[in-house]
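The values are calculated or read from the model by the stated rules, or taken from the named source; none is laboratory data. Just so it is clear, the model here is predicted, and its values are computed rather than measured. Here Cβ is always computed from backbone atoms with ideal geometry, including for glycine, and neighbour counts include all displayed protein chains. Side chains included, ligands, DNA and RNA excluded: accessible areas come from the protein's heavy atoms. Shrake-Rupley method; radii C 1.70, N 1.55, O 1.52, S 1.80 Å.
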Amino acid sequence: MGKEPGEINAKSLKLQAASREEDGFFSTFVLRKISIRITSVLVERNISPNAITLFSLLIGFIAAYMSAQANYLVGGLLLLLSLILDCVDGEIARYKSQFSALGAWLDALSDRVKEFVYIFALIFSINEEKAWWGGVAIIVLQSVRHISDYNFARLQKSYEEKSTIPKQTNLFYWVKKVIHLPIGERWLILAVLPNLLAVEETLRVVVYLGALSFLYVLITRFRRMRRWKDSTTPAEFLDQQRDSLLPLTLSGSKLSWLYPSILRALEFFALLMITVDASPFVKFILVFSVAMWHYTNLYDALQGRAPYLGAGGLRVAGRITLCFIAALVGLEVEVSLFLAFYLLALILLRGGHNVSGGNA
């Protein structure tokens, strides 16, 4: 028997509610139009959001493999497919109210892994030194920017009351969305431009647009902060991101959302300077692993948890000291790669902690 009109309408309303708000232009008008149709079918099946996330991750790795073979057309299409599936997992989770610590961890990290691995694949396909440096610049820029994005959004809730005024989604609104260079627009660039330009030029475009977008975002946030009251707002989630044995207090001011990003930028700079004799390829691997470590710390902090195995990552001072000693004895390549894979292994252990449902 077919479904009653009331059942169909109820499902449509639930699907509409399951679609995430605040998406970028490309995600809203292209990706979500496709993902919601897939979600409409899958919610009738016994498929968990985590299964879709893992499948999306697999598609992302296949996309990277294809691009590593210089098949940028297929690789780009698969990359966008993985992003569509990433929309689907969230829609299914919201539709069925199936949320878990593991799901949040997978969803949070998988996008960053797919994006950085795909950039690695693009560079690997040409294996030029300048391209590796472009990849390093993208990871540093994106990591510092993303961490500030999440922290600003969380701190903003403490200083501002939620507005009940409906947002005007006019042309100016969508232009600002595009300028913010969200994931949909970034991945569209990575998927399309290598088919039109050289890989090195594509990376340069991503770096330039990313830098301009970050500058624009900083300016708009500083202007917005002027409306915040001069009061001390507790923000323990910021202090949990310091990754240091020093009793640093990162919270307590309107600018505190920026402090973790500054610390991350300083660490990246120090590691790149210390490992000066290592190849850009090695620097890419090291920066990638350190960035993923800080993303993991960020997501734990936003969930209100102290970083599990946080001390195992050697803290900022420990990582810098280890690389410095390695440079003195001429083992910076070996130690850099060891540190990189060590951190990635710890991140996987932290994922297992989410599976067991443990608390930090």
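I'd like to compare 96-106, 170-180, 134-144: which one has the highest average count of other Cβ atoms within 10 Å, and what's the full order after that?
Descending mean neighbour count gives 134-144, 96-106, 170-180.
Enumerate the calculated ³J(HN,Hα) couplings along the range 94-103 in order (Karplus 6.51 cos²θ - 1.76 cosθ + 1.60, θ = phi - 60°), each rounded to whole Hz, writing x wherever the residue is Gly or Pro.
Once θ is set to phi - 60°, the couplings for the range 94-103 become 6, 5, 9, 6, 9, 10, 8, 4, 5, x Hz.
At a Förster radius of 51 Å, what calculated FRET efficiency corresponds to the Cβ-Cβ distance of residue 9 and residue 179, to the nearest 0.05?
Result of the calculation: an efficiency of 0.85.
First compute the accessible area of the range 81-201 with a 1.4 Å probe, then give the percent of it belonging to carbon and sulfur atoms.
Values: 3420 of 5520 Å².
Roughly 62 percent of what the probe reaches on the range 81-201 is carbon or sulfur.
In Å², and per residue, what accessible area does the range 101-229 have when probed at 1.4 Å with the other protein chains present?
Accessible surface, normalised per residue, equals 51 Å².
Counting only GluC sites (Glu not before Pro) that sit in a DSSP loop (anything but H, G, I, E, B) with at most 15 other Cβ atoms within 10 Å, what is the longest stretch of the chain containing none of them?
Values: sites that count: 21, 22, 44, 128, 160, 161.
Counting at most 15 other Cβ atoms within 10 Å as exposed, the longest clean stretch of the chain is 162-360.
What percentages, rounded to whole numbers, describe P(r) for the chain computed over all alpha carbon pairs with 10 Å bin width beginning at zero?
Each 10 Å bin holds this share of Cα pairs: 5, 22, 32, 28, 11, 2, 0, 0.
In debye, nearest 20, what is the charge dipole magnitude of the chain about its Cα centre with +1 on Lys and Arg Cβ and -1 on Asp and Glu Cβ, if you could check?
In debye, rounded to 20, the chain gives about 1120.
Connecting C-alpha atoms closer than 10 Å in a GNM of the chain, tell me which of 230, 89, 277 has the biggest fluctuation.
Residue with maximal mean-square fluctuation among 230, 89, 277: 230.
Given a 10 angstrom Cα cut-off, can you work out which residue in 285, 92, 47 is the most mobile in a GNM of the chain?
Comparing 285, 92, 47 in the GNM, the peak value goes to 47.
Can you tell which of 72, 179, 276 lies farthest toward the positive end of the dipole of the chain, using +1 and -1 charges on the Cβ of basic and acidic side chains (Lys, Arg; Asp, Glu)?
179
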